[in-house]
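Student: Structure below; questions to follow.
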Amino acid sequence: DWSSDVCSSDLQIEGAWVPRRYDQRDTLNLDLDYRIGEHWRLNLAGRYHSGWPITPVALTEGDGDDGEPDEVLVFGPLNGERLPAYRRLDLRASRDWGVSFGTLTFFLDIQNVLDHRNAAGLDIAFDQEEGTLTVDREYWVGFFPSAGVVFRFRGGSRP
């Protein structure tokens, strides 16, 4: 039985309220844009949100398929724990050129300027033969520079 409340980021599953996969209880986005002269812009963008929910998993001794004692996976409450908070600061410098039928913009961009290590999820590996469970955090890309070009057509009779 899956249902959801329109104003909630939680789902009701079999009578229990559970956070959705990408639930962010706290979120803050900041964007500062500074024009340098007629053609240059400098932009600083910050992003913060509380950690996404995850479902804990553990290994315990139980009965295997053949009824013999064996290591089995046990899942905790659905989305009952959270990853650490996500933080990122991006920087962009761009230069515009007016051309006859639009605007050409060249930009240099650095995502995650402070190289913060943001958790993206979990990588879970269960080796049933060995009876081992490995749970490792997966991470988003850190410091990431890029460059690009954007062309905007001038539409109709707009200036």
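Student: Name the strands (runs of 3 or more DSSP E) wholly inside the stretch 1-110 in which the number of residues that are under 25 Å from THR132 (Cβ atoms) and in contact with a Ser or Thr (Cβ under 9 Å, 6 or more places away or on another chain) is 3 or more. Write out each step before concluding.
Tutor: Values: elements: 2-4, 10-13, 16-19, 27-36, 40-49, 57-63, 69-75, 86-99.
Qualifying strands (runs of 3 or more DSSP E): 69-75.
Student: I'd like to know if the stretch 42-56 contains one or more residues that are under 26 Å from ARG117 (Cβ atoms), β-branched (Val, Ile, Thr) and under 22 Å from the mean Cα position of the chain (by Cα).
Tutor: Taking every residue of the stretch 42-56 in turn, at least one turns out to be under 26 Å from ARG117 (Cβ atoms), β-branched (Val, Ile, Thr) and under 22 Å from the mean Cα position of the chain (by Cα).
Student: Looking only at the stretch 143-159, which residues are part of a loop (DSSP other than H, G, I, E, B) and either modelled with pLDDT of 95 or more or closer than 15 Å to LEU104 by Cα (or both)?
Tutor: So in the stretch 143-159, the residues part of a loop (DSSP other than H, G, I, E, B) come out as 143, 154-159.
Those that are part of a loop (DSSP other than H, G, I, E, B) and either modelled with pLDDT of 95 or more or closer than 15 Å to LEU104 by Cα (or both): PHE143, ARG154, GLY155.
Student: Here are GLY155, GLY121, GLY148: which of them is in contact (Cβ under 8 Å) with a residue 60 or more places away in the chain and among the small types (Gly, Ala, Ser)?
Tutor: Every option except GLY121 fails the conditions.
Student: Shifting gears a bit: On the given criteria, is THR105 among the hydroxyl-bearing types (Ser, Thr, Tyr), closer than 30 Å to VAL74 by Cβ and more than 14 Å from the chain's Cα centre (by Cα)? Break it down into steps so the answer makes sense when it comes.
Tutor: Values: among the hydroxyl-bearing types (Ser, Thr, Tyr): yes; closer than 30 Å to VAL74 by Cβ: no; more than 14 Å from the chain's Cα centre (by Cα): yes.
No; evaluated as a whole, the condition is false for this residue.
Student: Please pick out the residue among TYR86, TYR139 that is modelled with pLDDT of 95 or more, under 15 Å from the mean Cα position of the chain (by Cα) and exposed (fewer than 15 other Cβ atoms within 10 Å of the Cβ).
Tutor: On the way: TYR86 fails: exposed (fewer than 15 other Cβ atoms within 10 Å of the Cβ).
Unique residue meeting the criteria: TYR139.
The values are calculated or read from the model by the stated rules, or taken from the named source; none is laboratory data. Treat the numbers as computed from the prediction; the structure is a model and nothing was measured. All Cβ positions, glycine included, derive from the backbone under ideal geometry; neighbour counts span all protein chains shown.
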